[in-house]
Structure formats: structure tokens, C-alpha cells
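Data first, discussion second: the structure below is written as C-alpha cells.
Derivation of every value follows stated rules applied to the coordinates shown; laboratory data play no part. Given the structure is predicted, the values throughout are model-derived calculations rather than measurements. Backbone-built Cβ (ideal geometry, glycine too); neighbour counts: all protein chains shown.
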Amino acid sequence: MPVEIIHIEFKSANFGRTADFYARLFDWQTEQNGNGSYMKLNGGGGVSGGWVRADLIQSPGPVAYLTVDDLEKTLAEVEAAGGRVLVRSQPFAGGGEVALFADPDGNVLGLWRRKASASAAPAAESASSPPAPAEDEDAKASKAAKAPKPPKPPGAPAAKKPPKKR
């Protein structure tokens with residue numbers, strides 16, 4: 001059976017502007033976490049989604065998440081096929097664990113391995129809900145900010161250095 005995309009994340013430099021844009025166009029409702037690092041799409045229908053604060057994301061574009069039964073086996077297959085593992089494993093409470101990889105063209109995708117108990121959840125609920133972070137969104141953002149940066153995809157522009165504080 002083909003693997004389906006279950007969740008997609010975009011980057012946003014301004015959550016207010018992003019929320020207003022999508023609300024005006026598609027009547028999408030969003031909800032921002034407490035520390036301002038993530039904004040979830042509420043009731044978008046179909047695939048679940050959200051936005052990560054632009055300074056916390058390493059991907060040059062959206063990150064689609066796919067469900068897999070065996071995370072380590074899939075990551076080994078990614079490498080054997082010419083891809084690069086960017087994040088080997090990060091736990092998600094009530095939802096298993098996730099990993100990130102880049103395909104040979106530098107596109108970043110996420111893998112989600114559900115916990116055994118999560119597979120018993122109704123299909124509609126699991127397909128429309130993103131995996132819940134192991135810690136709250138504040139802890140997730142903190143961990144993401146401290147994690148080493150993955151290598152840039154080929155052809156990616158160089159990051160601008162922030163100005164020094166005086």
C-alpha cells in the first residue's frame with residue numbers, strides 16, 4: 001500500500017500575517033502555541049498542517065510527514081536510495097517518533113512512526129490530527145533551537161548572519 005502524506009508544515013516569518021492571509025482566502029482558522037514557535041491549522045479538512053516559525057526551521061520548503069511502520073528500516077532505505085538522514089529520531093508523546101530526511105534533490109520530508117497504541121485510533125482521527133509533541137510546543141521549540149543544524153541541501157542559499165548586539 002502506498003505511503004500517504006498525513007501532515008504538512010510550512011514556515012512563517014509572521015504568524016499574524018500568515019493567519020490573516022489564509023483566513024481571508026480559505027476561511028482557515030489557526031491556533032498559535034504559547035511561546036510563538038508553532039501555529040496549527042484548525043479544521044482545514046483533509047491533511048493536518050501548521051506553520052513553524054521561520055527562524056526555527058531548516059527546510060527550504062514545506063515538510064510533508066509520512067507514516068511508516070519501522071523508522072530505522074525506512075531511514076536505512078533512504079540512505080541506500082541516495083537520500084540523507086537529517087534527524088534520526090525525535091519522540092512524540094502519544095504518537096511515536098519522527099525523523100527527517102532529504103531526498104537527492106534536497107527536498108526535506110518527515111517520517112512518523114506511530115506507537116502501537118496509536119494505531120488503534122480511528123482512521124479519521126489519526127489521519128486528520130498531527131502527531132502530538134512529546135513535550136509541549138515550548139519544549140519542542142527549545143529542543144529544535146538547540147539541535148545541530150542539518151547540512152544545507154545542494155544549491156541552498158547561504159544563511160545571513162544576524163547583526164552583532166552592542
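In nm, what is the difference between 0.36 nm times the number of residues separating Glu77 and Val47 and their Cα-Cα distance? Walk me through the numbers before you get to the answer.
Working: separation 30, 0.36 × 30 = 10.80 nm, distance 2.51 nm.
Here the segment from Glu77 to Val47 would lengthen by 8.3 nm.
Given 0.36 nm per residue, what is the gain on full extension from Gln29 to Lys115 after removing their alpha carbon distance, in nm? Walk me through the numbers before you get to the answer.
Working: separation 86, 0.36 × 86 = 30.96 nm, distance 2.88 nm.
Full-extension gain reported as 28.1 nm.
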Relative contact order of the stretch 1-76, defined on C-alpha pairs under 8 angstrom at six or more residues apart (%): 42 percent
Per-residue ³J(HN,Hα) for the stretch 71-83, Karplus 6.51 cos²θ - 1.76 cosθ + 1.60, θ = phi - 60°, Hz, x for Gly and Pro: 4, 5, 4, 5, 5, 5, 5, 4, 5, 5, 8, x, x
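Cut-off is 10 Å between beta-carbons; in what order do Leu66, Leu41 appear when sorted fewest neighbours first?
Details: Leu66 15, Leu41 23.
Exposure proxy ranking, most exposed first: Leu66, Leu41.
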